[in-house]
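Report on the structure given below.
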Amino acid sequence: MSQIRVENLIKTYRVAERKAGLRGAFAGLVKRRHRTIEALAGISFELEAGELVGYIGPNGAGKSTTVKIMSGILVPDSGNCVVNGFVPWRDRTRFVSGIGVVFGQRTQLWWDLPVIESFELLSDIYRVPADDYRKRLGELEGMLDLGPFLDTPVRQLSLGQRMRCDLAASLLHNPPILFLDEPTIGLDAVSKLAVRDFVKQLNREQGTTVILTTHDMDDIEALCRRIIVIGSGRILSDGTLSDLRRRVSRERWLIVDLEADHSPPEVPEARIIQYEGHRVIYGFDPATLSAAELIATVSARTTVRDIFVENPPIEQIIARLYAKEA
């Protein structure tokens, strides 16, 4: 039986509108205009226990709305959602003991309290036994390197430190499911790597189911075996990264570093995507022109300093999918 089951979720918002300027303000007092935004237009998917899924899409696609419904914050207009055997918005007290949630732009910690006091308050709220709390805190402290700032007020933490503390706070009650909504937004490279390593370790060693929404495609490539792409409130793709690449484009890239003063040769069955400095990037379809043939052609026509083949960046694949569906 699936740990998370979402069936035909629909959610709309009604937002007010008015024209700019003083005249528009007075007109809005007389007659308020509204428009309806369809955040979710009938999405469905299932997740098994222990999956680590990337849930991605452009701004306004419905990612955060889905997470808020699955975590019981929002109620959908229609459709079904069952998480850990609960309908999230109906039995919230029992339901929330089985999930952890982190929103990258918000904190669940108390701003003026030391981190450790926020943890103690949360352990009381979730009714975690004292022995279990001490054991769990010790594990998280080691995994996230929290020791140096447990006694620091939250308002004095850096963004990376606060995010690590928020991750720990969401896991003090040892939930089997973790929702992460933009957990690495605004973080520096070192902090991003620390968060990624922690999420990967949590999923691998403890079997925690993780749903990750992010715009950082490096996070997706590093962590997620399955990717669900959403756009305009609809599921556009659901599968592995390889499945997504095959669906959108078979293209691969040949990246060539040329010797100084050499120009890139034209190859009929390949296209030059970028030429800057001494580096040229060719795009080609392996079904039409093999990598070996392209390398041989380029090497025969110019002096090559270095050469390698890779897939197009995941950002390019996602952007093409959005454009195709639009």
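I'd like the distance separating the alpha-carbon centroids of segment 253-269 and segment 119-189, in whole Å.
Result: 50 Å between the Cα centres.
Sum up the charges of everything whose Cβ sits under 12 Å from the Cβ of ILE227, counting Lys and Arg as +1 and Asp and Glu as -1, but leave ILE227 out.
Combined, the nearby Lys, Arg, Asp and Glu give -1.
With a sphere of radius 13 Å drawn around the Cβ of ARG246, what net charge do the other residues whose Cβ falls strictly inside it have (Lys, Arg +1; Asp, Glu -1)?
+2
Please list 292-299, 200-207 highest first by mean number of surrounding beta-carbon atoms within 10 Å per residue.
The most tightly packed comes first, giving 292-299, 200-207.
Which value in nm describes the separation of the simple spin-label points at SER263 and ASP285, placed 7 Å from the Cα toward the beta carbon?
2.8
Kindly provide the helix-only [θ] at 222 nm of the chain, computed as the sum of -39,500 (n - 2.57) over DSSP H runs of four or more divided by all residues, to the nearest 500 deg cm²/dmol? Write out the running numbers ahead of the final one.
Details: 11 runs with 117 residues, N = 326.
Rounded to the nearest 500, it is -11000 deg cm²/dmol.
Report the local net charge at GLN206: Lys and Arg +1, Asp and Glu -1, summed over other residues whose C-beta lies under 12 Å from its C-beta.
+1
If the only charges are +1 at each Lys and Arg Cβ and -1 at each Asp and Glu Cβ, what is the size of the charge dipole of segment 251-314 around the Cα centre, to the nearest 20 debye?
Using only the charged Cβ atoms, the result is roughly 20 debye.
Any idea what angle helix 115-125 forms with the longest principal axis of the chain, computed on alpha-carbon atoms, 0 to 90 degrees, nearest 10?
The angle comes out at about 60 degrees.
So how do 185-193, 6-14 stack up, highest first, on mean other-Cβ count within 10 Å?
Going by the mean number of other Cβ atoms within 10 Å, highest first, we get 6-14, 185-193.
Which whole-number value in Å³ per residue fits the convex hull of the alpha carbons of segment 49-239?
120
Ranked from highest to lowest mean number of other Cβ atoms within 10 Å per residue, what is the order of the peptides 49-57, 253-261? Provide the component values of the computation, followed by the final result.
Details: 49-57: 21.3, 253-261: 15.2.
The packing order, highest mean first, is 49-57, 253-261.
I need to check one value: relative contact order of the chain, counting alpha carbon pairs closer than 8 Å and at least 6 residues apart, in percent.
Dividing the mean separation by the residue count of the chain yields 18 percent.
Please report the antiparallel percentage of DSSP beta bridges with both residues in the chain, rounded to the nearest 5.
70
Using the Kirkwood formula over every pair of different C-alpha atoms, what hydrodynamic radius in Å results for the chain?
Averaging 1/r across every pair of different Cα atoms and inverting gives 22.8 Å.
Considering the zone a paramagnetic label at GLN108 would reach in this model (a point 7 Å from Cα along the Cα-to-Cβ line), which residues of segment 141-160 have amide N under 13 Å from it?
none
Computed from the coordinates by the stated procedures, all read-outs in this text should not be read as laboratory data. What you see is a predicted model; the values in this text were computed from it and never measured. Cβ coordinates were reconstructed from backbone atoms using ideal geometry, including for glycine residues, and neighbour counts include every protein chain displayed.
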